[in-house]
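All remarks here apply to the structure that follows.
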Amino acid sequence: MKTIQIQAQDFFELLKQKDTSMWEVFAQMVDGEEKLIEFIGKDQKIAFNYILPPTLEKLNEDRRIFAKEYAQKLASQN
């Protein structure tokens, strides 16, 4: 499995500037192979990671799961 390291702060700042979502970027990276995406924090350590699936169908499933879990997390904070 190929590993891709991304500077987290720079990545999310670029997404804001380009007014795009991480899911759109991930969709462009799908090519039939799983990839480990490591997001690197300011301390140069892995902040979190994501295994990019090999298909757009699986990516869309991940996106739906993420949205549901994120909404639940937000709801529990209020």
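So here's what we get for this one:
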| read-out | value |
| --- | --- |
| Pairs with Cβ under 7 Å, 6+ apart, first in segment 42-71 and in contact (Cβ under 8 Å) with a residue 12 or more places away in the chain, second exposed (fewer than 11 other Cβ atoms within 10 Å of the Cβ) | PRO54/GLY32 |
| Segment 29-78, residues that are among the hydroxyl-bearing types (Ser, Thr, Tyr) and part of a strand (DSSP E or B) | TYR50 |
| Hits in segment 4-28 (condition: over 20 Å from ILE51 (Cβ atoms) and in a helix (DSSP H, G or I)) | GLN9, ASP10, GLU13, LEU14, LYS16, GLN17, LYS18 |
| Pairs with Cβ under 9 Å, 6+ apart, first in segment 25-40 and closer than 21 Å to GLN7 by Cβ, second modelled with pLDDT under 95 and β-branched (Val, Ile, Thr) | none |
| ALA71 vs. criteria among the aliphatic types (A, V, I, L, M), over 14 Å from THR3 (Cα atoms) and more than 13 Å from the chain's Cα centre (by Cα) | yes |
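One line per residue, one yes/no per condition, for (1) surrounded by 10 or more Cβ atoms within 10 Å (Cβ to Cβ); (2) on the phi < 0 side of the Ramachandran plot; (3) aliphatic (A, V, I, L, M):
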residue	(1), (2), (3)
LYS16	no, yes, no
ALA27	yes, yes, yes
GLU38	yes, yes, no
LYS42	no, yes, no
LYS45	no, yes, no
GLU61	yes, yes, no
LYS68	yes, yes, no
SER76	no, yes, no
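The values are calculated or read from the model by the stated rules, or taken from the named source; none is laboratory data. Keep in mind that this is a model prediction, so the values were computed, not measured. Please note: Cβ atoms are built from the backbone with ideal geometry, for glycine as well, and neighbour counts cover all protein chains shown.
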